[in-house]
1. What is the local net charge at L122, summed over the other residues whose Cβ is closer than 10 Å to its Cβ (Lys, Arg +1; Asp, Glu -1)?
2. Quick one: grab the alpha carbon gyration tensor of region 65-179, order the square roots of its eigenvalues as a ≥ b ≥ c, and give me rounded if a/c is under 1.5, else prolate or oblate depending on whether a/b is larger than b/c.
3. Starting from the 7 Å offset along Cα-to-Cβ, what nm value, one decimal, do you get for the label separation of I197 and S74?
4. In a Debye calculation with equal point scatterers on the alpha-carbon sites of region 120-224 and no solvent, what is log10 I(q)/I(0) at q = 0.11, 0.12, 0.19, 0.22 Å⁻¹?
5. In whole percent, what relative contact order does the chain give with Cα contacts below 8 Å and a gap of six or more residues?
6. Which shape class applies to region 153-198: rounded if a/c is under 1.5, otherwise prolate when a/b exceeds b/c and oblate if not, where a ≥ b ≥ c are the square roots of the Cα gyration tensor eigenvalues?
7. Mind jotting down a quarter of the surface of the convex hull over the alpha carbons of region 1-129, in square nanometres, one decimal?
8. Percent of accessible area on the chain owned by carbon and sulfur, 1.4 Å probe?
Amino acid sequence: MDPNSNYCLETKALCKQYKNFKALIGVDIHVPKGAIYGLVGQNGAGKTTLIRLLCGLQNPTSGTYSLYGIPHTSSAIHTARKRMGAVVETPALQQDMTARENLEQQYRILGLPWKNGMDDLLALVGLADTGKKKAKAFSLGMRQRLGIALALCGSPDLLVLDEPVNGLDPQGIVEIRELILTLNREHGITVLVSSHILDELSRLATHYGFIHHGVMLKEITARELENSCRKRVHLTVTDTPALARVCDSLGLDYEILSDRQADLYGQVPFTRLTLALSRENCEVQSFQEHNESLENYYLNLIGGNGHA
Ligand code: ATP
């Protein structure tokens, strides 16, 4: 694995076996620097197992992973891991401490300059005004945000969040989503976030990895996924060069598939299109509309036997 790699996180043929049960089977994942990478999978798919391996909480049975190009077998992995913050399963909070006290303790553990940036961190996660309230009195959303603040204490470049919106109410979900977007866009933090709720991830993710029964089925960018899911009209025409000229003049997004076949994407203005084509003496022989939703895409991917 290459230290100049564009991936801050990469795995190769990663496997984890618990006795006879294979929780991860040859997983390859590539998290580009600057991405919000959505790890999508049903309950039991292997998301937490993968995240636990990446955080060094468990060892792989076989295969490798690298952080910032440093292989996990290298002694330098400990230094690379300092560039990573994580909230795995439930955040590890001291329930009898306030938000500030929790952060102070984390600063002490990490040996960080005393209180340097602590107010900013509390403000960033929306917990600046929680005063003497102890963590045990926090809402689930506040606890999750405090967990994220703890993960951010060492100023990581990569934040790993395992199902951060699980169990949150709609308001809590929005707050976490906005926090992730702020961390990524304004602070340049790469985020790996797992969820079984594809719709929620679709509001955030720039990249996806779909994991199912321990197998990484597909990695895809948000742009590619959007293209796969958006409305598509499949046309058979007598003259695709003429169709291309017309599409260009109407500003339509299209792909010529053969000398008679093409796909048009998005909203297609049929009347204008057919009028313009007839002026070019190009005949439309057939058209078929396809409209694939995100959920359909996912169900097709996993073989139609699960729920997103
Ligand atoms: P969830 O959202 O339910 O946590 P997940 O995708 O995070 O799902 P994992 O927690 O990674 O899934 O679990 C993957 C599979 O591995 C599950 O079938 C689980 O029962 C199994 N598993 C996890 N940890 C162990 C363990 N320590 N011993 C045996 N099996 C385990």
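1. Working: positive: R100, R145; negative: D119, D120, D129.
Neighbourhood net charge equals -1.
2. Working: a/c = 2.19, a/b = 1.43, b/c = 1.53.
In terms of gyration-tensor shape, oblate.
3. 3.8 nm
4. Log10 I(q)/I(0), no solvent term: -0.36, -0.43, -1.01, -1.28.
5. Working: 568 pairs, mean separation 60.6, N = 308.
Computed over the chain, the figure is 20 percent.
6. Details: a/c = 2.18, a/b = 1.61, b/c = 1.36.
It comes out prolate by the Cα gyration axes.
7. Details: hull surface 39.9 nm².
Hull-based average projected area comes out at 10.0 nm².
8. Details: 7200 of 15250 Å².
Answer for the chain is 47 percent, counting heavy atoms of protein chains only.
The values are calculated or read from the model by the stated rules, or taken from the named source; none is laboratory data. Since the structure is predicted, the reported quantities are computational estimates derived from the model, not experimental observations. In this analysis, Cβ positions are derived from the backbone assuming ideal geometry, glycine residues included, and neighbour counts consider all displayed protein chains. The accessibility values were calculated without ligands, DNA or RNA, using every heavy atom of the protein model including side chains. Shrake-Rupley method; radii C 1.70, N 1.55, O 1.52, S 1.80 Å.
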